[in-house]
Amino acid sequence: MIVNVITEKESNRLAYVCDFINRHPLNDGLFVLKTNVEKADLAIAYSNTDKSVYHKIPVQSILFQYKYFETAFANEYSFHNQKIFSVETARKEKQEFYKNGVFGFDFFETIFFHLSRVEELELEEHQLNDRGQIREEELFVIKNQIHRFPVVDQIIVGLVQIFGNQKVQLKTKWSVTHDIDYIERFSGAKSFFKASVRAIMDFKNPLSVWQSYSSKKANPSLDPYNSFNRLLLTSGTPTKEIYFLMGGEHVYDNQYSLDHPIFLEAIHIAKERGYKIGIHPSYLSWDKSKIIKSEKERLENNIGQTIDISRQHYLHFDILKTPNALLESGIKEDSSIGFTKEIGFRAGTGFPYFLYDFNTEKKSALLEKPLVFMDSAALHLEKPLEETTEFFNLNKYNTQMTVNIHNSRLVQTTFEGKLVNKIYKVIKGYIDS
Ligand SMILES: [Zn+2]
């Protein structure tokens, strides 16, 4: 079914959104949007004045015009008992998403806002965190408390029902990933020193740290971070990816030997269980393809495979610069767009999509697989297990859940480790069901 979008203003941004909608897995070819074509099954006016056809989408003309704008509201619309949220410059009372052929708001611009991350451009000092990235509290979806809904995917569900005449209820697709920042807890004098300081601060006996350190040092299979056998899934259904950190110069970085028995074991299990192996580019690599490339080659030479997937360490990602640095290094898919202190959808969708390049005003060649859930981020929540369970239950259908569980978080003896183990059990339950 071809839907002709009649518009006086064709633009790259509109074309980008139409392409996204046409490719969206929930649409699955049921309808195809085209602009100003002769032949179509349905015509829709993307205009505030055109009265020639029955179907209409109002034009907001803000997000397609500017790089960034200040004030936006998430107005609530309803569609068959479902909530749909807009991004608009005026506050409105609750309305219907679609009534008598007319859409309630400009969903093209709303979708563009979320996917492109336009709000992460041209930030002011007070909006930045200590890493120079936007503070997550400043993000539109967090400010409006709609981050736990895939607001973009929900718009697509509505469109499929209107244009494709079909009710969509597709089981959520799971993608399990792991960032390997550390392979062992006790790795040499530096970490022993750190652990001792921690023990003294916690009024614990530093001698016990030494005893634990020396016994585990002697036997790497007992190291609490060597959890790969429990961590890596045997089941074949979901997408499975593992990203290895390859060093780096920043204090947040870590380097392990690629001859280390725990690393070799991790690679062995990952290959055996059908994981795709990627890199976890170091903290300062976000705008430097040279660093990304050398880290990528180091791992490629070691595992004897080409690598084309990655996730930035600490999700240190800049929407203007990082995608091109990754592409120049031969990376095709990134998975850094997510939260470090929250769970949910930073870009409004859980499904992989091509980013927008503001440098060229075109679709980027980099595929983004949004990171929806990360163990370390969930630990910042008031009630990690309860909120996570509720979140997964809320999103059983019509989106994708890309989750990140760290080997270093699956420790069985600490309070936080036990919590992550419980959460991972819940995730496995969803995957197996
Ligand atoms: Zn990391």
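The values are calculated or read from the model by the stated rules, or taken from the named source; none is laboratory data. Values in this document were obtained by computation on a predicted structure and should not be read as measured data. Cβ placement follows ideal geometry from the backbone for every residue including glycine, while neighbour counts extend to all protein chains displayed. We work out accessible area using only protein heavy atoms, side chains counted, and drop any ligands, DNA or RNA first. Shrake-Rupley method; radii C 1.70, N 1.55, O 1.52, S 1.80 Å.
Values as computed for the structure displayed
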quantity	calculated
Matching residues in segment 88-112 - criterion: being open to solvent by 50 Å² or more (accessible area, probe 1.4 Å) and touching an Asp or Glu at 6+ places or on another chain (Cβ under 7 Å)	LYS94
Restricting segment 119-141 to residues that are in contact (Cβ under 8 Å) with a residue 60 or more places away in the chain and crowded, with 18+ Cβ neighbours inside 10 Å, the residue that is nearest to TYR314 (Cα to Cα)	GLN133
Check on LYS422, in contact with a Leu (Cβ under 6 Å, 6 or more places away or on another chain), over 16 Å from PRO150 (Cα atoms), assigned to a helix (DSSP H, G or I) and open to solvent by 30 Å² or more (accessible area, probe 1.4 Å)	yes
Criterion (among the small types (Gly, Ala, Ser), within 26 Å of ILE269 (Cα to Cα) and open to solvent by 30 Å² or more (accessible area, probe 1.4 Å)) met by exactly one of SER433, SER376, SER408	SER433
Any chance VAL420 is farther than 17 Å from LEU233 by Cβ and hydrophobic (A, V, I, L, M, F, W, C)	no
Count of segment 1-43 residues which are of a type outside the set (Asp, Glu) and under 20 Å from ILE62 (Cβ atoms)	14
Any pair with Cβ under 8 angstrom, 6 or more apart, that starts in segment 287-313 at a residue that is free of Cβ contacts under 8 Å to residues at least 40 places away in the same chain and open to solvent by less than 40 Å² (accessible area, probe 1.4 Å) and ends at one that is within 16 Å of the ligand (Cβ to nearest atom) and part of a helix (DSSP H, G or I)	ILE292/SER285; ILE292/LEU326; ILE307/LYS296; ILE307/LEU299; GLN312/SER285; GLN312/TRP286; GLN312/THR322
Those residues of segment 140-154 which are of a type outside the set (S, T, N, Q) and in a helix (DSSP H, G or I), in sequence order	PHE140, VAL141, ILE142, LYS143, VAL151, VAL152, ASP153
So VAL403, is it hydrophobic (A, V, I, L, M, F, W, C), within 16 Å of the ligand (Cβ to nearest atom) and over 30 Å from GLU119 (Cα atoms)	no
Matching residues in segment 241-268 - criterion: being among the charged types (D, E, K, R) and either within 13 Å of the ligand (Cβ to nearest atom) or surrounded by fewer than 21 Cβ atoms within 10 Å (Cβ to Cβ) (or both)	GLU249, ASP253, ASP259, GLU265
Only one of THR360, THR402 that is open to solvent by 10 Å² or more (accessible area, probe 1.4 Å) and either in the same structural domain as ARG148 (by TED's automatic domain parsing) or more than 18 Å from LEU419 (Cα to Cα) (or both)	THR360
Lone qualifier among TYR424, TYR430 - being at pLDDT below 95 and not charged (D, E, K, R)	TYR430
Top-ranked residue of segment 274-312 - restricted to ones that are aliphatic (A, V, I, L, M) and not in a helix (DSSP H, G or I), ranked as nearest to the ligand (Cβ to nearest atom)	ILE279
Residues (under 25 Å from GLN169 (Cβ atoms) and touching a helix residue (DSSP H, G or I) at 6+ places or on another chain (Cβ under 8 Å)) located in segment 30-56	LEU30, PHE31, VAL32, LEU33, LEU42
Where GLY338 falls short, out of the listed (1) open to solvent by 10 Å² or more (accessible area, probe 1.4 Å); (2) in a loop (DSSP other than H, G, I, E, B)	(1)
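One line per residue, one yes/no per condition, for (1) out of contact with any strand residue (DSSP E or B) (no Cβ under 7 Å at 6 or more places or on another chain); (2) farther than 24 Å from PRO150 by Cα; (3) open to solvent by 10 Å² or more (accessible area, probe 1.4 Å):
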residue: ILE57; (1), (2), (3): no, no, no
residue: GLN65; (1), (2), (3): yes, yes, yes
residue: TYR68; (1), (2), (3): yes, no, yes
residue: SER86; (1), (2), (3): no, no, no
residue: HIS114; (1), (2), (3): yes, no, no
residue: ARG117; (1), (2), (3): yes, no, no
